[in-house]
Amino acid sequence: MSPPLLKLGAVLSTMAMISNWMSQTLPSLVGLNTTRLSTSDTLTQISPKEGWQVYSSAQDPDGRCICTVVAPEQNLCSRDAKSRQLRQLLEKVQNMSQSIEVLNLRTQRDFQYVLKMETQMKGLKAKFRQIEDDRKTLMTKHFQDLKEKMDELLPLIPVLEQYKTDAKLITQFKEEIRNLSAVLTGIQEEIGAYDYEELHQRVLSLDTRLRDCMKKLTCGKLMKITGPVTVKTSGTRFGAWMTDPLASKKNNRVWYMDSYTNNKIVREYKSITDFVSGAESRTYNLPFKWAGTNHVVYNGSLYFNKYQSNIIIKYSFDTGRVLAQRSLEYAGFHNVYPYTWGGFSDIDLMADEIGLWAIYATNQNAGNIVISQLNQDTLEVMKSWSTGYPKRSAGESFMICGTLYVTNSHLTGAKVYYSYSTKTSTYEYTDIPFHNQYFHISMLDYNARDRALYAWNNGHQVLFNVTLFHIIKTEDDT
């Protein structure tokens, strides 16, 4: 084959390879992972079940803070491979698009040459016809030579016609790849929006907005108790476990005090995970035995009732020393006014968003519950409220935002039955049930940082979630 034919053959071979690749690959790319494109080249939108929807913190018409996240129902891990595959395919298509762009430039250049050559060949053919008609005037030899050259060029005419057709096909392929590249870019943007790094940033942003929302919340009223979640099963039927509501975000230490009497050992764990696995970080041998299970850790110190007395002890975990102790005047002790389950639960120490509290009963108040707010440093009673609810009829109690909530039993069927607000000095009867999963509760305390109830449920350490009705702070509030 002559050089012109070799050149055209190479170009046609390249175009044939491209045509074959396009015919096999384009349908699979367009239908990647069952992503379908309509005839108008628009993308099928990702449904809410597949994607994250994040709504900003807001205030509804009733003045409540709304912070909403709609999470995907499916596992995002399965989308990561799809996202990578799309990126790789998009890169391949872009590379192929660049190659076709180069080939297209060469084709356009050669195409102009072909058009010129075609015109010349048609003119040459016409001349030969003229010469053939007047061949008698030419020498037979020269005519034969020209005719042979013409015969060599004649096969190029259909080749040139095919070349023109293939040049149009390359232009069409170029346009199709450009469209496909735009489609894949759209798919990547739709799916790539949920890559883990970006998702992590969105979660952090959401967490900031949620915390900003929480800062606007004042104390709330208890509306519902859900759960429990069983964290661990250990110890005797009676005991206490707790975290510090004033601890920093990174400080998640857990303290564990088994039994309601005849014990002085407090076990410490660095985290809930260590608590579940039983990996103790430290133990403390208190200077006195405790009474009951109603202790509290507050701002790095343990507050507990000294055995066989109405004395409250403040013990520092940092120094291992007693920082303060004070008698709670007139408070009954040693099963004089316990909760319904007994266990020397006469004096219940607790903390909430407002501060440190003691719940007990006195003869002066006819055995009914007395609420006292304590100074956390000196243990001095700052103010007291006398209620009309008998201490011996209460299963357990806890404080949330200065309101005491009392359960009517420690057994199955228990519910929050009574509440007393120290802000208004008023009470009301309530009906807030909760699931006493293990039938016997000997400790129930609210943690303001976790916004959860810690409970000791018949040798099981469990958590209850609480739902509070909040009021939004405004700039006009003092």
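For residue 410, the stated conditions do not hold, so it cannot be described as under 15 Å from residue 224 (Cβ atoms) and assigned to a loop (DSSP other than H, G, I, E, B).
Scanning segment 317-342 for residues that are among the polar types (S, T, N, Q) and farther than 18 Å from residue 289 by Cβ yields 319, 340. Reported count of residues in segment 312-365, each being in a loop (DSSP other than H, G, I, E, B) and either open to solvent by 60 Å² or more (accessible area, probe 1.4 Å) or on the phi > 0 side of the Ramachandran plot (or both), is 17. Has segment 279-298 got any residue that is open to solvent by 30 Å² or more (accessible area, probe 1.4 Å), of a type in the set (S, T, N, Q) and in contact with a His (Cβ under 8 Å, 6 or more places away or on another chain)? No, segment 279-298 has no match at all. Scanning segment 248-276 for residues that are open to solvent by 40 Å² or more (accessible area, probe 1.4 Å) and either in a loop (DSSP other than H, G, I, E, B) or small (Gly, Ala, Ser) (or both) yields 248, 249, 250, 251, 252, 253, 260, 262, 264, 270. On the basis of being over 21 Å from residue 337 (Cα atoms) and within 37 Å of the chain's Cα centre (by Cα), does residue 431 make the cut? Judged against the criteria, residue 431 is a match.
Contact map, segment 453-475: first residue open to solvent by 70 Å² or more (accessible area, probe 1.4 Å), second residue of a type in the set (Asp, Glu) and modelled with pLDDT under 95, Cβ cut-off under 7 Å, separation 6 or more or different chains; the map is empty. Restricting segment 402-428 to residues that are at pLDDT 95 or above and on the phi > 0 side of the Ramachandran plot leaves a set whose member that is nearest to the chain's Cα centre (by Cα) is 402.
The values are calculated or read from the model by the stated rules, or taken from the named source; none is laboratory data. This structure is a prediction, so every number in the text was calculated from the model and none was measured. With ideal geometry, Cβ positions are generated from the backbone for all residues, glycine too; neighbour counts draw on all protein chains shown. Ligands, DNA and RNA are excluded from the accessible area calculation, which covers all protein heavy atoms including side chains. Shrake-Rupley method; radii C 1.70, N 1.55, O 1.52, S 1.80 Å.
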